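Peer 1: So that we are looking at the same thing, I have put the structure below in structure tokens.
The values are calculated or read from the model by the stated rules, or taken from the named source; none is laboratory data. Please read these numbers as outputs of a predicted model, since none were measured by experiment. Cβ: placed from backbone, ideal geometry, glycine included. Neighbour counts: every protein chain shown.
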Amino acid sequence: MATSRPVFSRVYERVSRRLEDAGMAELRRELVDGAAGVVVEVGCGNGLTFAHYPDTVSRVVAVEPEPRLRAAAQRAARAAGVDVEVVAGVAEELPLPDASADVAVLCLVLCSIPDQPAALAELRRVLRPGGELRFLEHTVAEDRRLRRVQHLVDATVWPLLAGGCHTATDQVGAIEAAGFTVRRVRRFDFQPARVRVPASPHVLGVAAT
């Protein structure tokens with residue numbers, strides 16, 4: 001299933017490269033450090049995580065609905081150090097068999113998925129028993145003032161400008177509500193411009209089925 005966002009995809013490709021240089025690359029590396037076996041990466045964008053998968057990963061199935069970003073991801077896959085297959089699809093209907101993956105990866109995508117419960121249920125379906133969910137996501141702010149700003153921008157311009165992203169989503173709560181057990185989580189602000197914006201609060205962690 002294709003979800004074409006030509007303007008957003010062009011902007012995202014440029015902005016994402018700048019964010020990599022500002023520290024996002026290190027966060028992606030931390031996200032997948034220690035991953036092993038078959039990985040499903042949902043909403044892989046332009047494939048910037050591919051370069052960070054360790055050689056303990058035997059295969060990555062990377063799902064991306066946006067055609068321009070998917071084409072960029074396919075180019076990135078050819079340069080990756082592990083076997084990466086980029087496929088079309090959406091998080092709510094993953095094109096994988098039951099219990100076929102050891103690890104699932106969500107990187108800056110859960111905030112823009114229209115039906116989070118359905119997407120997380122799909123991840124539980126494709127993960128083997130005892131499999132891992134690794135996540136690096138925007139999240140709702142802990143401080144009240146920024147949280148009010150997040151709700152305001154989410155109700156107005158932010159989703160239109162940022163490919164459907166909603167900043168005030170409790171990602172850890174959603175993951176736990178889907179039946180995952182969160183094993184570890186780190187909360188922090190990612191501020192490449194040193195200015196706190198609605199998308200600054202992040203969470204990075206690991207959950208298990």
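Peer 1: Which strands (runs of 3 or more DSSP E) sit wholly inside the range 9-95 and have at least 1 residues that are among the basic types (Lys, Arg) and either surrounded by fewer than 23 Cβ atoms within 10 Å (Cβ to Cβ) or touching a residue at least 24 places away in the same chain (Cβ under 8 Å) (or both)?
Peer 2: On the way: elements: 37-42, 57-63, 84-87.
Those strands (runs of 3 or more DSSP E) span 57-63.
Peer 1: If I ask for residues that are of a type outside the set (D, E, K, R) and either assigned to a strand (DSSP E or B) or buried (at least 24 other Cβ atoms within 10 Å of the Cβ) (or both), which ones from the range 96-106 would you list? Give the steps one after another, and end with the answer.
Peer 2: If we filter the range 96-106 for residues that are of a type outside the set (D, E, K, R), which is where we start, we get 96-97, 99-101, 103-106.
ALA101, VAL103, ALA104, VAL105, LEU106, listed by residue number.
Peer 1: Something else now. Just give me the residues in the range 107-120 being surrounded by fewer than 24 Cβ atoms within 10 Å (Cβ to Cβ) and in contact with a Phe, Trp or Tyr (Cβ under 8 Å, 6 or more places away or on another chain), in sequence order.
Peer 2: Residue satisfying the conditions is CYS107 alone.
Peer 1: From the list LEU136, LEU152, LEU146, LEU161, which residue is closer than 21 Å to GLU122 by Cα and either touching a helix residue (DSSP H, G or I) at 6+ places or on another chain (Cβ under 6 Å) or among the hydrophobic types (A, V, I, L, M, F, W, C) (or both)? Write out each step before concluding.
Peer 2: On the way: LEU152 fails: closer than 21 Å to GLU122 by Cα; LEU146 fails: closer than 21 Å to GLU122 by Cα; LEU161 fails: closer than 21 Å to GLU122 by Cα.
Testing whether each residue is closer than 21 Å to GLU122 by Cα and either touching a helix residue (DSSP H, G or I) at 6+ places or on another chain (Cβ under 6 Å) or among the hydrophobic types (A, V, I, L, M, F, W, C) (or both) leaves just LEU136.
Peer 1: Restricting to the range 178-196, what's the tally of residues that are of a type in the set (A, V, I, L, M) and within 18 Å of the chain's Cα centre (by Cα)?
Peer 2: 3
Peer 1: Additional query: Considering every residue within the range 194-209, establish whether at least one is at pLDDT 95 or above and of a type in the set (Lys, Arg).
Peer 2: For the range 194-209, residues at pLDDT 95 or above and of a type in the set (Lys, Arg): absent.
Peer 1: Tally up the residues in the range 114-139 that are farther than 15 Å from THR169 by Cβ and free of Cβ contacts under 8 Å to residues at least 40 places away in the same chain, please. Break it down into steps so the answer makes sense when it comes.
Peer 2: So in the range 114-139, the residues farther than 15 Å from THR169 by Cβ come out as 121-134.
With free of Cβ contacts under 8 Å to residues at least 40 places away in the same chain added as a condition, the list becomes 122, 125.
Number satisfying all stated conditions: 2.
Peer 1: Can HIS202 be described as within 22 Å of VAL11 (Cα to Cα), surrounded by fewer than 21 Cβ atoms within 10 Å (Cβ to Cβ) and under 14 Å from the mean Cα position of the chain (by Cα)?
Peer 2: Values: within 22 Å of VAL11 (Cα to Cα): yes; surrounded by fewer than 21 Cβ atoms within 10 Å (Cβ to Cβ): yes; under 14 Å from the mean Cα position of the chain (by Cα): yes.
Spelling it out, HIS202 is indeed within 22 Å of VAL11 (Cα to Cα), surrounded by fewer than 21 Cβ atoms within 10 Å (Cβ to Cβ) and under 14 Å from the mean Cα position of the chain (by Cα).
Peer 1: Moving on to the next point. Could you list, in sequence order, the residues of the range 170-188 that are surrounded by 14 or more Cβ atoms within 10 Å (Cβ to Cβ) and either among the aliphatic types (A, V, I, L, M) or within 16 Å of ASP143 (Cβ to Cβ) (or both)? Lay out the reasoning, then the answer.
Peer 2: To start, the set of residues in the range 170-188 that are surrounded by 14 or more Cβ atoms within 10 Å (Cβ to Cβ) comprises 171-172, 174-176, 178, 180, 182, 185.
Correct list: VAL172, ALA174, ILE175, ALA178, VAL182, VAL185.
Peer 1: If you don't mind, another one. For the structure I just gave you, tell me whether ALA208 is touching a residue at least 60 places away in the same chain (Cβ under 8 Å) and of a type outside the set (Ser, Thr, Tyr).
Peer 2: Spelling it out, ALA208 is indeed touching a residue at least 60 places away in the same chain (Cβ under 8 Å) and of a type outside the set (Ser, Thr, Tyr).
Peer 1: Of the residues that make up the range 140-152, is at least one closer than 28 Å to SER9 by Cβ, free of Cβ contacts under 8 Å to residues at least 40 places away in the same chain and over 16 Å from the mean Cα position of the chain (by Cα)?
Peer 2: Yes, the range 140-152 contains at least one residue that is closer than 28 Å to SER9 by Cβ, free of Cβ contacts under 8 Å to residues at least 40 places away in the same chain and over 16 Å from the mean Cα position of the chain (by Cα).
Peer 1: Go over the candidates VAL149, VAL153, VAL172 one by one and state the one that is within 19 Å of ALA118 (Cβ to Cβ) and at pLDDT 95 or above.
Peer 2: VAL172
Peer 1: Considering the range 149-169 alone, what residues qualify as being out of contact with any strand residue (DSSP E or B) (no Cβ under 6 Å at 6 or more places or on another chain) and either crowded, with 21+ Cβ neighbours inside 10 Å or closer than 13 Å to HIS138 by Cβ (or both)? Full working, then the answer.
Peer 2: Applying the first criterion (out of contact with any strand residue (DSSP E or B) (no Cβ under 6 Å at 6 or more places or on another chain)) to the range 149-169 yields 149-166, 168-169.
The answer is GLN150, VAL153, ASP154, TRP158, PRO159, ALA162, GLY163, GLY164, CYS165, HIS166, ALA168, THR169.
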